[in-house]
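First up is the structure itself, then whatever we jot down about it.
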Amino acid sequence: MSERFVFADGEQLATATAARLITAISDAQNARGVAHVVLTGGSNGGALLKAVASSPARDTVDWSRVDLWWGDERFLPAGDAERNEVQARGYLLDALPLEPQRVHVMAASDGEFGDDLDSAAAAYTAELATAAAASREQLSPSGSAVPGVPAFDVLMLGVGPDGHVASLFPGHPGYAVTEGTAIAVRESPKPPPERISLTLGAIGAARQVWLLAGGEGKAEAVSQALGGVDLPAGAVRGTERTLWLLDRAAASKL
């Protein structure tokens with residue numbers, strides 16, 4: 001059962017979600033020593049990161065014990081301003097005392113694998129699997145884990161006007177993938193055409209999945225996804241909680 005939280009506007013949405021994220025990271029570290037967080041791009045994801053950067057509570061987190069992942073990435077050259085990673089560094093990450101090896105970046109198109117999108121996606125699959133093996137060692141005897149994926153504490157997703165999340169689009173082949181954890185996405189309906197994305201199965205490994213939507217342009221997708229229409233945004237679930245974090249405009253058709 002998903003939970004809905006509606007805020008007055010985009011600024012309040014970002015500020016409240018930033019406070020919730022800081023608390024969730026602290027709680028995860030208190031419980032397990034580390035926290036695994038999956039970041040999202042887009043306007044709402046960027047506003048959230050900016051809100052974390054300016055939060056008075058930001059430094060209550062031990063950022064050296066946070067693993068950061070991405071739900072998807074645009075397969076563009078390193079440093080390209082359209083890459084989610086580049087935006088995240090500018091909004092927040094460069095201001096934090098992160099351990100570089102804990103920042104799990106998806107490959108760029110001019111990186112180690114060149115323009116080989118499949119190899120780039122396979123590398124992220126391998127990185128997830130390595131982290132999953134380590135996280136399973138930290139689970140209690142009653143704990144559980146999804147094979148090949150660390151148990152993400154919080155996984156955040158922006159909701160597109162068409163109901164897409166990460167780079168899983170309605171009617172697109174990536175949405176139908178039932179195996180694997182990170183996939184190559186080609187001919188994306190939204191530019192750029194080549195991307196890397198987590199699968200629905202990998203997203204479903206998260207303890208908490210948070211779906212962020214702000215603005216009137218998202219209202220129809222939010223209404224349809226929560227109303228049972230077959231959309232990626234309506235198909236994702238956390239193992240413990242699924243939160244829809246909306247502003248009034250995005251919630252206006254509920």
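The values are calculated or read from the model by the stated rules, or taken from the named source; none is laboratory data. Since we're looking at a predicted model, the values are computed, not measured. Cβ coordinates were reconstructed from backbone atoms using ideal geometry, including for glycine residues, and neighbour counts include every protein chain displayed. For accessibility, only protein heavy atoms count, side chains too; no ligands or nucleic acids. Shrake-Rupley method; radii C 1.70, N 1.55, O 1.52, S 1.80 Å.
Considering the chain as a Gaussian network with a 10 Å cut-off on Cα pairs, which listed residue, Thr130, Thr181, Thr199, attains the greatest mean-square fluctuation?
Taking springs between Cα atoms under 10 Å, the residue moving most is Thr130.
Please work out how much accessible surface Asp230 shows to a 1.4 Å probe, ignoring ligands, DNA and RNA, in Å² rounded to 10.
120
For Lys218, go through the lysines and keep the ones whose alpha-carbon is under 17 Å away, minus same-chain ones fewer than eight residues off.
Excluding near neighbours in sequence, the set is Lys190, Lys253.
Could you do me a favour and compute the accessible area per residue for the chain, 1.4 Å probe, result in Å²?
Here the residues of the chain average 43 Å² of exposed surface.
Tell me the carbon and sulfur percent of the accessible area for segment 70-113, rounded to whole percent, probe radius 1.4 Å. Let's see the in-between values first.
Numbers: 980 of 2030 Å².
C and S atoms contribute 48 percent here.
Output the relative contact order of the chain, whole-number percent, from Cα pairs under 8 angstrom with separation of 6+ residues.
23
When the accessible area of segment 1-69 is split by element with a 1.4 Å probe, what percent falls to carbon and sulfur?
Answer for segment 1-69 is 51 percent, counting heavy atoms of protein chains only.
Which entry in (i) 63, 48, 48; (ii) 51, 40, 35; (iii) 43, 42, 38 matches Cα extents along the principal axes in Å derived from the coordinates of this structure?
(iii)
Once the dipole of the chain is set up with Lys and Arg at +1 and Asp and Glu at -1 on Cβ about the Cα centre, which of Gly228, Gly204, Val165 lies farthest towards its positive end?
Gly228
Using the Cα centre as the reference, give the magnitude of the dipole from point charges on the C-beta atoms of the chain (Lys, Arg: +1; Asp, Glu: -1; all else neutral), rounded to the nearest 20 debye.
Using only the charged Cβ atoms, the result is roughly 760 debye.
Share of segment 116-254's accessible area from carbon and sulfur, percent, 1.4 Å?
The value for segment 116-254 is 51 percent carbon and sulfur by accessible area.
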